[in-house]
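The values are calculated or read from the model by the stated rules, or taken from the named source; none is laboratory data. Keep in mind it's a predicted model, so treat the numbers as computed, not measured. As a convention, Cβ positions derive from the backbone with ideal geometry for all residues, glycine included, and neighbour counts pool all protein chains shown.
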Amino acid sequence: MSMSRTALLAGVLSLFLLPCSKAAAPAVRSEPLHVRIDRLIGIDQDFARYDAGLASDSEFLRRVHIDLAGYIPTSAQIRAFLADSAPDKRRRVIEQLLNSPEYARNMAQVFDVLLMERRPSRHVPQADWHEFLRQAFLNNRPWDEVVREILSGDGTDPKKRHRIKFFLERDSDPHLVSRDISRLLLGMNLQCAQCHDHPRIEDYRQEHYYGLFAFVSRMTAVQDKNKKLLLLSEKADGETTYQSVFDPKKITKTAVPRVPFGPALVEPLVDKAKLYVIAPAADVAAVPTFSRLARLAGAITQRDYLPFRRNLANRLWAHLMGRGLFEPFDNDHSANPPSHPEVLDLLAQELADNGFNIRAILRELALTKTYQRSSIPRPGTDAKQAPLYAIAVVKPLSPEQLAWSVMQATGLLESYRKAYGGKDPEGEAYRRLAPSAALFINAFANPPGQPQTFEPRTDQALLLANHPSLRSWLAPGSTLATRLNSLPLPTRVEELYLSVLGRLPDEEERKEATEFLTRQPKDIGDLAWALLTSPEFRFNH
Amino acid sequence: MHCNYACGSSDHLLSRRSFLTAAGGALGLGLLTQPSLARVLNGQQKRVLVIDLHGGVSQLETWDPKPGTNTGGPFQAIPTSVPGIHISELLPHTARQMHRMALVRSLNTAEDDHGKGAIIMNTGRRQEPGLTYPHLGSACARLLGDESNPLPGYINITPHGTGGVSVADAAFLGPRFAPVSLDDGKAPQNIDRPADLTAAAEQTRQLLRLRASERFLRRRRTAQTEAYTQTYDQAVGLMQKKHLFNTANEPEKLRDRYGRHDFGRHCLLARRLLEGGATFVKVTHTNYDTHHENFDFHLEQLGEFDLPFATLLEDLALRGLLDTTLVIVQSEFGRTPNINHLYGRDHWSRAWSVALAGCGIKGGAVVGKTNANGTAVVDREVNAGHLFHTYFKALGLDPKKNFYVEQRPIPLADPKASAITEILA
């Protein structure tokens, strides 16, 4: 009886998760996605009044370079872009970035931080995992396929440990894994629905939590004697029962594997004699004939299962636009509607139609006016009154973006690429500079297991102010100072601004910098430092 | 398997932005403004000093001696400056400060694991899956701290730690209230102006920075850009306070009295920092995990602890700081009354003691009692929750007030416990 009520409830609740792009604004199918998005974003009647207009070429290039390649462009790249008069140059640079090795590395970093939240790599080496992700983005593998691999839980091949990393680094704790799958992959934090229906979010029920939990509850980590590795073991049987702590009658329910708002898993009857491919034994990772764990990824990545697509769409949107269509990112529910529901529907639908093609989605997002809009409010308007996205969001650089932008601004990245050219200059420069970048990443990263937030601290300012490494990268004789000092004064000022802030100086800045450098030519590093520590460098705008 | 009734929620909720939004609603209740307002009204800044005797100090060799019993060990009890109160003879200097101190001799924290015991004593609660509570230092940095103070709100002086910032300890309060650890009492990392940068050049580059920042902020000022630029002002402020971290500036005689060894220097540093406006300072003295040779080790360790600690209390009192500084001497647990075959004492949390002093604490008070040989609490049993209620009350804060994590109220102290009023002034 309670089952039928449950099914009914889930049915009702799933209404809000259904796509409704057909009912949305007059989106013409034949129009490119970016045009349809811009129309939906600009629908507010006040929009035109506040519309900040397109960002300047240099601001756009810096922005898209940081978002897609992971760090700021070089002065040469900016000069080339500014000199290009072709009307399609923004489209071309987007395309070029999306197909660059930097893009693959950047997206691997972004999704590593999203999925693993900087948990220490105790069981699966970070380098192997990162390389798996990098290859996935390099080849633009369909994201659903990648997630099915990551969540396959299949640890039998010692060379494919990325298949169990998500679980092992979470101590194979089914509760932690359930929580994180709901938060990070479904955009719904079901943690508060573990002991009772969620006290504040009506949509999140205890049965949703335990539906997810039932997929992973049979796993444990086992130290395999022969392979000398920690492996994931799974039992073929065992059910979880639960009660609500709020239920005075203490009715006990049995968890049924079922993704939230999705269908229940159909489990085959397995011959009792053939429950296992590898039977459980001491120090052996058991492999059941029918694995619930292996079905989890399939269930969440099913084409008609919406939460997975909404979550991905929202996070890709936020990566470029600086805020989610719904926030927090793990609070997708009917009482927290997206700011632009039709846009979310459109993106979620596109993911299904294009086969989880992340590169294609990012291309369309980067092509929107919404993305390319200026972050400077229109003169005479109050930015606080502006509709969302009428002015571009000023977003902090991630720890990685900041670290690698410092490497770029100081000229280290370029000089390492040249010095260690060969077949893979990007990879070589990355590997050799990674320890230097780590100095900043470690200081700016949130603690393991927590999502990245922006909380500037004094110790970070001290690091940027006084750390001998950064000091030496700006000092006389450094790559940057040497290059700049070889140039005549007007060009020197231009190159300094282009290298650090990604734009040409305005008249006032030219004048002040020229005066300063005429008076104190040796101290060009201090001027570079001042630009590097200004919010203009710290943020993507 | 069964639901473990662990209601957790915090991890994603830790976003400072959402916390601030939620806490913004609490502004009207006065939680956030109260400390600074109180400070204005009283002309007093409240501070906290924690001495952490790491490893688990023996209550029998310190605050609750049981000489002449089967568990008492070789050391005697000595009278103190408060008639009727006796403590271990290993603490002769501290004994003379007893009129400034209060003892809680009936602590039962029911946790014999180092890590979990430390969490209980540092957060006032048992560890819960899903919800991490902030350390007392982070809570005090948040509640008693002052935005304009360039000193970190929570300073942790460690003997030979790693230094740096342990962001996780601030839990949902956010990394800004995380402890800054001073490895061996050294100043925070990167506080030194680069050697090749003159004071004049430093001033110039800071002016250039302000100029560049101002240009950007003219048209694009947000709460985030504001918070970011402020950190440089705080860094400059902290660099100007660098002298506070240098105990060599103190008179030779006083340095001698504190002791030239690590713990002595660290105690003196703590006093300098508290005097210089620090909100919360923790000093760790280690090596109390005496599973063997408990008595030799305590003789040695407490011999090092006694004089610097007594000197610190007296110094704070003489400078008029003790009235506004809550002092807590704690461990992660005590040690077994039973003496093992290696002449050691093992982990023991059922009946042990802490010592308090200063702000809001009644000097010369003793609360709680263990039985004749110290194997059980017989009167006024309390746990860390009671201690936290007491700390907050002593500091003039309402322990029943809440932090807000996404509208979810998180009481400052465990609502199941209450303050130990007998030792509150």
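Structure notes:
- Every residue from region B:222-236 that is over 23 Å from residue A:527 (Cβ atoms) and either assigned to a helix (DSSP H, G or I) or more than 7 Å from chain A (Cβ to nearest Cβ) (or both): B:223, B:224, B:226, B:227
- Answer residue from region A:375-433, given it is aromatic (Phe, Trp, Tyr) and over 28 Å from residue A:40 (Cβ atoms) and is surrounded by the most Cβ atoms within 10 Å (Cβ to Cβ) among those: A:404
- Test: residue in region A:413-432 that is within 19 Å of the chain's Cα centre (by Cα) and farther than 16 Å from residue A:70 by Cα: no
- Candidates B:316, B:307 - the one that is surrounded by 15 or more Cβ atoms within 10 Å (Cβ to Cβ), over 30 Å from residue B:383 (Cβ atoms) and either touching a strand residue (DSSP E or B) at 6+ places or on another chain (Cβ under 9 Å) or assigned by TED's automatic domain parsing to the domain that holds residue B:363 (or both): B:307
- Residues located in region B:148-166, provided they are within 9 Å of chain A (Cβ to nearest Cβ), touching a helix residue (DSSP H, G or I) at 6+ places or on another chain (Cβ under 6 Å) and crowded, with 22+ Cβ neighbours inside 10 Å: B:165
Yes/no per residue for (1) surrounded by fewer than 20 Cβ atoms within 10 Å (Cβ to Cβ); (2) among the aliphatic types (A, V, I, L, M):
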{"site": "B:326", "(1), (2)": "no, yes"}
{"site": "B:341", "(1), (2)": "yes, no"}
{"site": "B:359", "(1), (2)": "no, no"}
{"site": "B:363", "(1), (2)": "yes, no"}
{"site": "B:375", "(1), (2)": "yes, no"}
{"site": "B:382", "(1), (2)": "no, yes"}
{"site": "B:398", "(1), (2)": "yes, no"}
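- Qualifying residues in region B:403-425 (those that are of a type outside the set (D, E, K, R) and within 14 Å of chain A (Cβ to nearest Cβ)) - the one farthest from the chain's Cα centre (by Cα): B:407
- Test: residue in region B:348-363 that is under 27 Å from residue B:281 (Cα atoms), of a type in the set (Ser, Thr, Tyr) and assigned by TED's automatic domain parsing to the domain that holds residue B:80: yes
- Here residue B:217 fulfils each of the conditions (1) within 9 Å of chain A (Cβ to nearest Cβ); (2) not in a helix (DSSP H, G or I) apart from (2).
- Just one of the listed residues (B:389, B:347) is at pLDDT 95 or above and buried (at least 21 other Cβ atoms within 10 Å of the Cβ), and it is B:389.
- Yes/no for residue B:185 being at pLDDT 90 or above, part of a loop (DSSP other than H, G, I, E, B) and more than 7 Å from chain A (Cβ to nearest Cβ): yes
- Some residue of region B:163-174 being of a type outside the set (Asp, Glu), in contact with a Leu (Cβ under 6 Å, 6 or more places away or on another chain) and not in a helix (DSSP H, G or I): no
- Residues located in region B:171-182, provided they are farther than 22 Å from residue B:264 by Cβ, at the interface with another protein chain (Cβ under 9 Å from one of its Cβ atoms) and among the aliphatic types (A, V, I, L, M): B:178
- Of the helices (runs of 4 or more DSSP H) entirely within region A:64-168, those holding at least 1 residues that are of a type in the set (Ser, Thr, Tyr) and within 30 Å of residue A:181 (Cβ to Cβ) occupy A:101-116.
- Pairs meeting the criteria (first residue in region B:175-186 and at positive phi, second residue surrounded by fewer than 23 Cβ atoms within 10 Å (Cβ to Cβ), beta carbons under 7 Å, at least 6 apart or on different chains) are B:184/B:159; B:184/B:160; B:184/B:262; B:185/B:265.
- Count of residues meeting criterion [assigned to a helix (DSSP H, G or I) and farther than 21 Å from residue A:41 by Cβ] in region A:280-325: 12
- Those helices (runs of 4 or more DSSP H) of region A:455-536 in which 3 or more residues are at the interface with another protein chain (Cβ under 7 Å from one of its Cβ atoms) occupy A:458-466, A:524-532.
- Of residues in region A:65-84 being buried (at least 19 other Cβ atoms within 10 Å of the Cβ), more than 15 Å from the chain's Cα centre (by Cα) and among the aliphatic types (A, V, I, L, M), the one farthest from residue A:97 (Cα to Cα): A:78
- When region B:43-100 is filtered for residues that are farther than 29 Å from residue B:343 by Cβ and touching a strand residue (DSSP E or B) at 6+ places or on another chain (Cβ under 8 Å), the ones remaining, listed by number, are B:46, B:47, B:48, B:49, B:50, B:97, B:100.
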